[in-house]
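See structure below.
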Number of protein chains: 2
Amino acid sequence: MSLINETHDVNLKSWVASANVAGTDFPIQNLPFAAFRRKNSADAFRGGVAIGDQVVDLKVVAEANIFSGDAQHAAEAGAEEKLNTLMGLGNAYWSALRLAVSKALREGSEHQSVLESALVAQDDVEYSVPCHIGDYTDFYTSIYHATAVGRLFRPDNPLLPNYKWVPIGYHGRSSSIGVSGQSFPRPKGQTKAPDATAPSFGPCKRLDYELELGIYLGNGNALGDTISIEDAEGHVFGFCLFNDWSARDLQAWEYQPLGPFLAKNFASTVSPWIVTTEALAPYRAQWHRDAEEPQPLEYLESAHNREAGAFDIQMSVLLESEKMRADNQPAAKLSESSFRHSYWTVAQMVTHHTVNGCNFQPGDMLGSGTQSGPEHEEAGSLLELSRGGKETITLANGEERKFLEDGDKVIMNGWCEAEGYNRIGFGSVEGTVLPAK
Amino acid sequence: MSLINETHDVNLKSWVASANVAGTDFPIQNLPFAAFRRKNSADAFRGGVAIGDQVVDLKVVAEANIFSGDAQHAAEAGAEEKLNTLMGLGNAYWSALRLAVSKALREGSEHQSVLESALVAQDDVEYSVPCHIGDYTDFYTSIYHATAVGRLFRPDNPLLPNYKWVPIGYHGRSSSIGVSGQSFPRPKGQTKAPDATAPSFGPCKRLDYELELGIYLGNGNALGDTISIEDAEGHVFGFCLFNDWSARDLQAWEYQPLGPFLAKNFASTVSPWIVTTEALAPYRAQWHRDAEEPQPLEYLESAHNREAGAFDIQMSVLLESEKMRADNQPAAKLSESSFRHSYWTVAQMVTHHTVNGCNFQPGDMLGSGTQSGPEHEEAGSLLELSRGGKETITLANGEERKFLEDGDKVIMNGWCEAEGYNRIGFGSVEGTVLPAK
């Protein structure tokens, strides 16, 4: 696969010892980006790169002026408070910076002493949302999720006729996107029981998470232009974990005809780390559409997209209740899935989004939609796992759930594995439900 | 009405003669805000206030330091490239600045010479989108529009059961919002004829406008907090005209189940001028809900909202075709309506939007939804006027339309009139359809 280069070499070792420990999310083959600062400091946030249990401070690296050309230029952009400038530079710059950081972190690097001075332990830092997210669009790319949820909201009509033709998406709210560690009060709103004559107002009773990936756009397009499917991946800076919290009872009452609104916009949580598209090259997969299914319209079709447009990003969701914390018990795993099940690829999402001339700006984010796998146990939401609240889920410690309770912390992880390559990880995204105000 | 103050006095005259001409949009009782600069200059945009056919440059005024206290502070914020800082200051500051500008522009003002040096002719300026619009939400507040459009999309089920309880809204795209004068290529996308087995791809054939108001938030709320209906209007900086361009054939195929997406996000156009909530005080109206209709839930109900929550903002839409331009003919009026017909008030929109804890930021914008009046002739879109493309509309010059043609310029105007007060206007919002790329 031509997208593989020397930064993916499984034999690379770093002089940062923790990066060479089996099972780390952040070996030298990963090198994801975040915006961070020392915990409880008044410093400005700045870009950083994860290596083992450390963060490379890009501000220190940029000021040391050890890189050259595109890599130095990109490091200076990456030193800013938000990553938008770096994202806007485009693939050549991201790739140059990645290679320079990879080389500088390898055993025997001439730049080891400078990089050592730029390291901060991940335990000692705090993160912000890594860029200004101008616009956020949520897609709906898991046909298993769309079918299961559709069955609950529209028993007679679960999968609508457009699903297999249109990468369905809708606009979300960017103001309420927070970084891992976010907590928020249980939302309140209108709900209506099927047999009630009028709605009532109160705290959400069917609070849920959604297991998603967030996809950050890099350099965008001018209003009126389209990003072709051939060019689409080149505009994608990278991927994060994303929890699209959802109030199912609000959603059921409000969502017709214009889509979910207050059911979704009270909070959404991203992981701090953005794994670059380049880092994900070894974990790509063929994308295929069964012959008996509708094949994509031409603007959504390319040979590369068929050969390598999918990404085998594995994801899991865990729940840590108040009782688990009090009892010092580990969080309970709820499900596990992979983005390789997605009915549409990232390239198809990007091209579809711009085919009408809609413009992307650096830092815009796409949600993948809930990534439920083909099996019931692989569902990416409680709505699906509890079959619309009809079945009780028993956690490892005996607690039961249909939907989220106050105090519940939801933890999502993501990672990639492939024969002949190192495992890389996404870190985690965590968020906690507080009681309604 | 206690919201009336000395700035609304019909007897006020300005030393700017054009502000005293009957029928001007911008008498001294209006004083709307925009971001502007001299046409074709490389200057930074800055805030300005309209008076007659002139703009008061707030940068010049702020630097002259002739105001004091809150008014001076607000003028300095208003001098910035975007109005977000001013918007974030809150009502006390907006009001102080309004009063100071009103006094400075009155006949006999001691500040006349300074203000004269700050005047630029509107003919000599260009405008930008007046603030950074972090998030944009479109509501659906005209029950006449919702019913007429619902009938076309769902003949058996035009007005959904939630409509009379929930101020229906959905998230829009902010990146593609442009200022009056915007032109954009006809969008392309997927459409499917009812009898076709598969969709096809091509330029939109049912391109439409929507006659709306844009409502700009001022100071916002923290994530997790709610803005009560009593406090809601105090967070609203002002109103503009808004054209929510719509591709009806794309919309029909894509909108279920998550709402309109590519049908709306290729372009949306705002007027440059923001008429402040304070300026609109004389044109408020009672809001009422017929006794046999569902009454709002308590969180959407207040005495003030009943007494004065509606705004009688009159709006019209005109079409100028290429032929009209070539023949030097005036634009043809398509319809006229008023925001007083809105089923929900601005205060109800603001409170509903935050009742789940969703946060507003200064400069966020709400669309009112298409403001169609009770009569067919008062419809705010071609979709309604042509009854879903079934009827042909004949323009004044004999041209016919069902939907927009390439080269069509759509012009929307807005104004307010009330017994005992001066007429004030919104200027206009204009936008032109270019051929598909």
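Can you find a residue in the stretch A:335-342 that is free of Cβ contacts under 8 Å to residues at least 60 places away in the same chain and assigned to a helix (DSSP H, G or I)? Outline the logic, then answer.
Of the stretch A:335-342, the ones free of Cβ contacts under 8 Å to residues at least 60 places away in the same chain are A:336, A:338, A:340.
Those left that are additionally assigned to a helix (DSSP H, G or I): A:340.
Yes, the stretch A:335-342 has at least one match.
Within the stretch B:208-215, identify whether any single residue is within 11 Å of another protein chain (Cβ to nearest Cβ) and assigned to a strand (DSSP E or B), and answer yes or no. The answer is no; no qualifying residue exists.
Just one of the listed residues (B:Ser372, B:Ser342, B:Ser335, B:Ser386) is more than 23 Å from the chain's Cα centre (by Cα) and open to solvent by less than 30 Å² (accessible area, probe 1.4 Å), namely B:Ser386.
Condition first: more than 7 Å from every other protein chain (Cβ to nearest Cβ) and among the hydrophobic types (A, V, I, L, M, F, W, C). Now tell me which residues in the stretch A:339-359 satisfy that.
Kept after step one, since they are more than 7 Å from every other protein chain (Cβ to nearest Cβ), are these residues of the stretch A:339-359: A:339-354.
Scanning the stretch A:339-359 gives A:Phe339, A:Trp344, A:Val346, A:Ala347, A:Met349, A:Val350.
A:Ala232: more than 30 Å from A:Ile424 (Cα to Cα) and assigned to a helix (DSSP H, G or I), yes or no? It is false that A:Ala232 is more than 30 Å from A:Ile424 (Cα to Cα) and assigned to a helix (DSSP H, G or I). Taken as a whole, the condition of being open to solvent by 30 Å² or more (accessible area, probe 1.4 Å), within 14 Å of chain B (Cβ to nearest Cβ) and either acidic (Asp, Glu) or in a loop (DSSP other than H, G, I, E, B) (or both) applies to A:Ala436. Against the condition in a loop (DSSP other than H, G, I, E, B), at pLDDT 95 or above and either aliphatic (A, V, I, L, M) or touching a Cys at 6+ places or on another chain (Cβ under 6 Å) (or both), how does B:Gly398 come out, does it pass? No; evaluated as a whole, the condition is false for this residue.
Tally the residues that are open to solvent by 20 Å² or more (accessible area, probe 1.4 Å) and over 11 Å from B:Ser183 (Cα atoms), restricting the search to the stretch B:412-433. Outline the logic, then answer.
First, pick out the residues of the stretch B:412-433 that are open to solvent by 20 Å² or more (accessible area, probe 1.4 Å): B:413, B:415, B:417-423, B:428, B:430, B:432.
Then keep just the ones that are over 11 Å from B:Ser183 (Cα atoms); that gives B:413, B:415, B:417-423, B:428.
Count: 10.
Only a single item in (1) surrounded by fewer than 24 Cβ atoms within 10 Å (Cβ to Cβ); (2) within 14 Å of chain A (Cβ to nearest Cβ); (3) not β-branched (Val, Ile, Thr) is not met by B:Lys264, and it is number (1).
Do we have A:Ala193 as within 14 Å of chain B (Cβ to nearest Cβ) and either without any contact (Cβ under 8 Å) to a residue 24 or more places away in the chain or out of contact with any strand residue (DSSP E or B) (no Cβ under 8 Å at 6 or more places or on another chain) (or both) here? Against the criterion (within 14 Å of chain B (Cβ to nearest Cβ) and either without any contact (Cβ under 8 Å) to a residue 24 or more places away in the chain or out of contact with any strand residue (DSSP E or B) (no Cβ under 8 Å at 6 or more places or on another chain) (or both)), A:Ala193 qualifies. No other residue among A:Ser174, A:Ser200, A:Ser183, A:Ser142 is at the interface with chain B (Cβ under 10 Å from one of its Cβ atoms), touching a His at 6+ places or on another chain (Cβ under 9 Å) and of a type in the set (Ser, Thr, Tyr) apart from A:Ser174. Tallying residues that are open to solvent by 60 Å² or more (accessible area, probe 1.4 Å) and small (Gly, Ala, Ser) within the stretch B:2-37 yields 3.
Out of the strands (runs of 3 or more DSSP E) lying entirely within the stretch A:139-199, which hold 1 or more residues that are open to solvent by 30 Å² or more (accessible area, probe 1.4 Å)? First the steps, then the outcome.
Details: elements: A:169-171, A:177-179, A:182-185, A:188-191.
Ranges flagged: A:182-185, A:188-191.
Please verify whether the stretch B:110-121 includes one or more residues that are in contact (Cβ under 8 Å) with a residue 60 or more places away in the chain, surrounded by 17 or more Cβ atoms within 10 Å (Cβ to Cβ) and small (Gly, Ala, Ser). Yes - at least one qualifying residue is present in the stretch B:110-121. Here B:Met315 does not qualify as in contact with a strand residue (DSSP E or B) (Cβ under 6 Å, 6 or more places away or on another chain), closer than 20 Å to B:Ile227 by Cα and open to solvent by less than 10 Å² (accessible area, probe 1.4 Å). Taken over the stretch A:98-109, the residue count meeting the criterion of being open to solvent by 60 Å² or more (accessible area, probe 1.4 Å) and assigned to a loop (DSSP other than H, G, I, E, B) is 2.
Does B:Asp231 satisfy the condition of being away from chain A (no Cβ under 12 Å) and free of Cβ contacts under 8 Å to residues at least 40 places away in the same chain? Don't jump to the end; show me each part of the working.
Working: away from chain A (no Cβ under 12 Å): yes; free of Cβ contacts under 8 Å to residues at least 40 places away in the same chain: yes.
So B:Asp231 fits the description; yes.
Being within 27 Å of A:Phe261 (Cβ to Cβ), open to solvent by 10 Å² or more (accessible area, probe 1.4 Å) and either assigned to a helix (DSSP H, G or I) or not small (Gly, Ala, Ser) (or both) is a property that B:Tyr127 lacks. Note on the stretch A:269-299: among residues that are over 28 Å from A:Cys131 (Cα atoms) and either in contact with a strand residue (DSSP E or B) (Cβ under 9 Å, 6 or more places away or on another chain) or not in a loop (DSSP other than H, G, I, E, B) (or both), the one that is most open to solvent (accessible area, probe 1.4 Å) is A:Glu298.
Among the residues of the stretch A:48-56, is any free of Cβ contacts under 8 Å to residues at least 40 places away in the same chain and under 24 Å from the mean Cα position of the chain (by Cα)? Explain how you work it out, then say what you get.
Of all residues in the stretch A:48-56, those free of Cβ contacts under 8 Å to residues at least 40 places away in the same chain come to A:52.
From what's left, under 24 Å from the mean Cα position of the chain (by Cα): A:52.
Looking through the stretch A:48-56, at least one residue is free of Cβ contacts under 8 Å to residues at least 40 places away in the same chain and under 24 Å from the mean Cα position of the chain (by Cα).
The values are calculated or read from the model by the stated rules, or taken from the named source; none is laboratory data. Only a predicted model underlies this, so the values are computations on that prediction, with no experimental measurement involved. Note that we place each Cβ from the backbone using ideal geometry, even for glycine, and neighbour counts take in every protein chain shown. Note: accessible area is taken over every heavy atom of the protein model, side chains too, but ligands, DNA and RNA are not part of it. Shrake-Rupley method; radii C 1.70, N 1.55, O 1.52, S 1.80 Å.
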